[in-house]
Structures are given as C-alpha cells and as structure tokens.
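Since the structure comes first, as structure tokens, the remarks are kept for the end.
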C-alpha cells in the first residue's frame with residue numbers, strides 16, 4: 001500500500017473514531033437525562049414512597065420523600081422569618097432635640113407666641129428650624145412633646161437640642177444674657193471662658209393650659 005493510501009486511511013479512521021466517540025458521549029448524556037427523569041418520577045410516585053416508608057418502619061427508621069423534605073424546609077424557613085420579623089427592633093423616631101441645630105421651634109403658625117419666639121431669634125440672627133405642628137405630617141409630634149417636656153402649650157423651644165421652655169423661657173434666657181451660651185455646642189463650651197462655662201440654663205416649661213404671657217399681652221413689647 002502506498003504512503004498516500006496509508007495517510008488517507010488514517011484520516012478516515014480518525015474522523016470515524018471522532019464521530020463514534022461523539023455519538024457515545026451524546027448517548028451517555030441522553031441516558032443520564034433519561035435516568036434523572038425516571039428517578040425523579042419514581043421517587044415522587046406515592047407507591048414508591050409508601051413502599052420505602054414501610055421498609056424503613058420495619059427497621060425502626062423513618063423515610064421522607066423529597067417533596068416532604070422540601071415542604072418541611074419551607075415551613076421552617078417561614079417560621080424563622082416570622083420570628084425574626086417579630087423580634088427585630090422597631091425603628092424608633094428621632095429625638096425631638098437636635099444638638100446640631102442652634103435652635104428649634106415646635107409651634108403653630110397661628111400662634112402669636114410661636115411668632116414672637118421666631119422674631120426674637122431672627123433679631124439675634126440665630127439660625128433656627130421651625131416645625132409647624134398644625135401640618136398633618138407633624139401633628140403626631142405634639143403628644144411626644146407634651147410627654148417629654150411636661151409643657152402644655154406651644155411653642156416648644158430647643159437650643160442645641162436642649163429644651164428650655166416656651167416663648168417666656170426664651171425671652172428670659174435672652175434677658176439674662178445667656179443666649180450666647182445656650183447656642184454653644186458642647187465642644188465650644190469646653191473652650192469658653194470660665195464665667196461662660198459656669199452658666200446653667202434652667203428649663204422653664206409652661207404647665208398652664210394658657211401661656212402666662214397671654215395675661216399681660218397688652219403690656220408685652222415683644
């Protein structure tokens with residue numbers, strides 16, 4: 001046989017071998033798919049499951065089908081999720097007083113004493129945050145303010161996150177020359193002169209149903 005014929009034979013042999021191996025591999029894949037399909041159907045068959053249960057019982061054991069195992073796992077997962085949701089700490093509302101703000105006024109636009117508090121702060125060029133308790137989104141804060149401050153009337157005034165009282169309290173702090181100190185941050189107070197560090201701002205909540213300032217409003221120059 002010539003060398004050319006030998007090369008041709010080897011080439012065709014290699015091609016045929018490759019095709020045979022490819023066919024065998026595909027057959028193995030198909031066989032595996034068929035096997036998996038049959039096994040899945042068998043293990044889910046109630047007759048097979050019952051037979052396995054009876055056999056396991058004879059040996060003092062228990063048998064659970066794939067479906068039963070999956071169902072129990074789902075029930076456990078749901079129970080764990082429910083328990084986590086129940087025990088998870090609820091998000092609490094933020095504090096009413098914010099030390100990052102110089103002044104906060106929780107009041108009502110319709111309240112003249114809220115307006116007077118704002119006027120006093122603006123006169124001293126103090127940056128402030130005003131929360132209108134008559135707005136629907138802020139109405140719920142009123143109950144918290146009453147409980148936290150023991151004050152029954154608006155406005156509720158916080159200086160550097162510290163509650164001082166209503167308009168009369170703010171006016172008194174201003175009259176005593178304590179406003180500068182009340183507006184300092186804790187770090188600023190530490191480095192302030194001794195006579196300023198010793199200043200104590202005393203909260204003066206109004207516990208009356210009507211602000212005391214209403215009594216002498218006609219004489220109030222503010």
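The values are calculated or read from the model by the stated rules, or taken from the named source; none is laboratory data. As the structure is a computational prediction, the values presented were derived from the model and not from experiment. Note that each Cβ is placed from the backbone with ideal geometry, even for glycine, and that neighbours are counted across all protein chains shown.
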Within region 131-148, take every residue that is touching a residue at least 24 places away in the same chain (Cβ under 8 Å) and part of a loop (DSSP other than H, G, I, E, B) and give me the one that is farthest from residue 165 (Cα to Cα).
134
Counting only residues in region 114-147 that are in contact with a strand residue (DSSP E or B) (Cβ under 7 Å, 6 or more places away or on another chain) and under 15 Å from residue 173 (Cα atoms), the one surrounded by the fewest Cβ atoms within 10 Å (Cβ to Cβ) is identified as 126
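Please indicate, with yes or no, whether at least one residue in region 79-91 is under 20 Å from residue 139 (Cα atoms) and at pLDDT below 95.
Checked region 79-91: at least one residue is under 20 Å from residue 139 (Cα atoms) and at pLDDT below 95.
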Pull up region 95-111, narrow it to residues that are surrounded by 13 or more Cβ atoms within 10 Å (Cβ to Cβ) and touching a strand residue (DSSP E or B) at 6+ places or on another chain (Cβ under 6 Å), then point me to the one that is farthest from residue 128 (Cα to Cα).
97
Hey, can you tell me all the residues within region 159-168 that are more than 15 Å from residue 124 (Cβ to Cβ) and either in contact with a strand residue (DSSP E or B) (Cβ under 9 Å, 6 or more places away or on another chain) or crowded, with 23+ Cβ neighbours inside 10 Å (or both)?
161, 163, 165, 166, 168
Can you confirm whether residue 160 is within 18 Å of residue 97 (Cα to Cα) and touching a helix residue (DSSP H, G or I) at 6+ places or on another chain (Cβ under 8 Å)?
yes
